[in-house]
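Q: What follows is a structure written as structure tokens; I'll ask about it next.
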Amino acid sequence: MGLFHMRDELLKLHVADMGEEEVAALREALAGGWLTRGPRTTRFEQELGRYVGAEQMLGTNSCTAALHLGLSVAGIGPGDEVIVPAQTFAASANVVVHCGARPVLADVRPDTHTIDPGHVAELITERTRAIIPVHFAGTPADLDELAELADKHGLFLMEDCAHAIEAQYRGRPVGVGGCPATRFAAYSFYTTKNLITGEGGMLACRTPEDRQRAQVLGLHGMSADAWQRYSSAGGGGFRLYDIIAAGYKYNMFDLQAALGLAQLAKLDANWERRRERVAQYNELIAGVEGVTPLAYPAYVKPAYHIYLVRLDPALLKAAPVATDGAPHASPVRDGVINALRRRQVEAYVHYICLSETEFYRRLLGTDDKTTPVAADLARRSITLPLFPTMAPADVEYVVAMLKEALSEICG
């Protein structure tokens, strides 16, 4: 193991920065006695809206719910098509299916893993209604090219900003605050994200009308939420509700928002810490043969959500073909990940290619040739630990163990 001794504990992929501020925020919320959607949720919507440059914000219980609400408000349904990148978390495409529409999987760019506007242009048909760009790993997709396509064909964008709260594209925030073609943007506050509420999300809307419709659909189709119905502070007295749509149970609640407000206060400082660790990673990875990191175009401010490296294609020939029959199996990649874990470094895959998953192969008839760049990158990509409280020595350890793992698996 050279100069490095084996760690006693696993170096996790992500460690949440939770401290006394979050404990105090939860204690205050509990003492206030209002636990569901209430004044803290409203305040969190307003403050995050100021941060990302959007006025019409709606707190939800997940980013998935926010994505689904956006498509539902826009009336996406049977017969419609929505273009989604093939390398993303399943939720980005699943919500299209939930609406009864058809996701169309687009390939990604080999340097950033973000959706390829050139392939998007080839996939647009008379049934296409929207494009969902995903800001992969916190790097913005090429929004200008996508906006041009949207304007040309009468489409709208719904940005998946789950990785990208802090990100900027050409000096503008991602989401509705930066791109005129974007009708909705969805954010995630899952426990591994840059801003954490445990579970939770946010939908940013272009117009007040969309936001009002999303709020109704996101709470059972009720014409008034609980804060308005029961609290004189919230709505000026008792208000009887009506049911005006068959909605969902998607609302954020005040305990989540209390955490969110505490986390928002430290968001920029934590971004800077991750930026420093990414710079350190890049410097050290430059000395590792057979591995390259993600590219960060000069015109973006990345959110630095995850740190991902790609194995050179030649390394994939260093192990036999997988025997488990999974189309997206990658024995070398998986072998390196397991070797890292034996050395107390947690690693992961972001993400398998949706074109090769069982469900979308059955639904859409796709395979690795549908989106060859995404399929190739998925087999070669490994996510390494990155979190705000990560020490410089941790990065040194990870890279040293990566070298050992590559030597063990690839020779």
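The values are calculated or read from the model by the stated rules, or taken from the named source; none is laboratory data. This one's a predicted model, so the numbers in the text were calculated from it and none came from an experiment. So basically every Cβ, Gly included, is an ideal-geometry build from the backbone, and we count neighbours across all protein chains shown.
Q: Farther than 30 Å from residue 270 by Cβ and free of Cβ contacts under 8 Å to residues at least 12 places away in the same chain, is that true of residue 122?
A: The answer is yes for residue 122.
Q: Need pairs with beta-carbon distance below 8 Å; first residue within 16 Å of residue 219 (Cα to Cα) and within the stretch 32-46, second buried (at least 17 other Cβ atoms within 10 Å of the Cβ) and of a type in the set (D, E, K, R); sequence gap 6+ or separate chains.
A: 35/254; 36/254; 37/225; 37/254; 38/254; 41/254
Q: I'm told residue 17 meets every condition in (1) at pLDDT 95 or above; (2) among the acidic types (Asp, Glu); (3) over 26 Å from residue 381 (Cβ atoms) except one. Can you identify the failing condition by its number?
A: (3)
Q: Pick out the one residue from 115, 76 that is in contact with a Cys (Cβ under 6 Å, 6 or more places away or on another chain), of a type outside the set (S, T, N, Q) and farther than 14 Å from residue 182 by Cα.
A: Step by step, each of 115, 76 is checked, and only 76 is in contact with a Cys (Cβ under 6 Å, 6 or more places away or on another chain), of a type outside the set (S, T, N, Q) and farther than 14 Å from residue 182 by Cα.
Q: Could we say that residue 314 is farther than 22 Å from residue 391 by Cα and either under 20 Å from the mean Cα position of the chain (by Cα) or not polar (S, T, N, Q) (or both) here?
A: yes
Q: Out of (1) surrounded by fewer than 24 Cβ atoms within 10 Å (Cβ to Cβ); (2) in contact with a Lys or Arg (Cβ under 8 Å, 6 or more places away or on another chain); (3) farther than 28 Å from residue 386 by Cβ; (4) not hydroxyl-bearing (Ser, Thr, Tyr), the odd one out for residue 168 is which?
A: (3)
Q: Hey, among 371, 366, which residue is buried (at least 20 other Cβ atoms within 10 Å of the Cβ) and touching an Asp or Glu at 6+ places or on another chain (Cβ under 7 Å)?
A: 371
Q: Working only within the stretch 193-211, note down all residues that are part of a strand (DSSP E or B) and not hydrophobic (A, V, I, L, M, F, W, C).
A: 198, 201
Q: Show me the helices (runs of 4 or more DSSP H) found entirely inside the stretch 23-105 where at least 1 residues are in the same structural domain as residue 182 (by TED's automatic domain parsing) and among the charged types (D, E, K, R).
A: Those helices (runs of 4 or more DSSP H) span 39-52.
Q: Residues being in a loop (DSSP other than H, G, I, E, B) and within 16 Å of residue 310 (Cβ to Cβ): count how many of those fall in the stretch 372-411.
A: Selection size over the stretch 372-411: 1.
Q: While we're here: Give the number of residues within the stretch 120-146 that are in a helix (DSSP H, G or I) and crowded, with 20+ Cβ neighbours inside 10 Å.
A: Result for the stretch 120-146: 6.
Q: Answer with yes or no whether residue 298 is farther than 20 Å from residue 373 by Cβ, free of Cβ contacts under 8 Å to residues at least 24 places away in the same chain, of a type in the set (Gly, Ala, Ser) and surrounded by fewer than 17 Cβ atoms within 10 Å (Cβ to Cβ).
A: The answer is yes for residue 298.
Q: Here is a further query. Just to be sure I understand, how many residues within the stretch 374-409 are within 23 Å of residue 135 (Cα to Cα) and either surrounded by fewer than 17 Cβ atoms within 10 Å (Cβ to Cβ) or among the acidic types (Asp, Glu) (or both)?
A: 1
Q: Going through the stretch 171-192 one residue at a time, which ones are part of a strand (DSSP E or B) and either crowded, with 24+ Cβ neighbours inside 10 Å or not assigned by TED's automatic domain parsing to the domain that holds residue 260 (or both)?
A: Matches in the stretch 171-192: 182, 184, 185, 186, 187, 188.
Q: To continue, here is another question. Being basic (Lys, Arg) and either over 21 Å from the mean Cα position of the chain (by Cα) or over 24 Å from residue 388 (Cβ atoms) (or both) is the filter here; which residues of the stretch 1-59 pass it?
A: Answer for the stretch 1-59, where residues must be basic (Lys, Arg) and either over 21 Å from the mean Cα position of the chain (by Cα) or over 24 Å from residue 388 (Cβ atoms) (or both): 7, 27, 37, 40, 43.
Q: A follow-up question, please. Mind counting the residues in the stretch 331-353 that are outside any helix (DSSP H, G or I) and either charged (D, E, K, R) or surrounded by 21 or more Cβ atoms within 10 Å (Cβ to Cβ) (or both)?
A: The total comes to 7.
Q: Does residue 42 satisfy being surrounded by fewer than 23 Cβ atoms within 10 Å (Cβ to Cβ), touching a helix residue (DSSP H, G or I) at 6+ places or on another chain (Cβ under 6 Å) and not aromatic (Phe, Trp, Tyr)?
A: no
Q: List pairs: first residue in the stretch 241-267 and in a helix (DSSP H, G or I), second residue among the basic types (Lys, Arg) and surrounded by 20 or more Cβ atoms within 10 Å (Cβ to Cβ) anywhere in the structure, Cβ distance under 6 angstrom, at least six positions apart or on different chains.
A: Every condition considered, the pairs that remain are 254/40; 257/40; 258/40.
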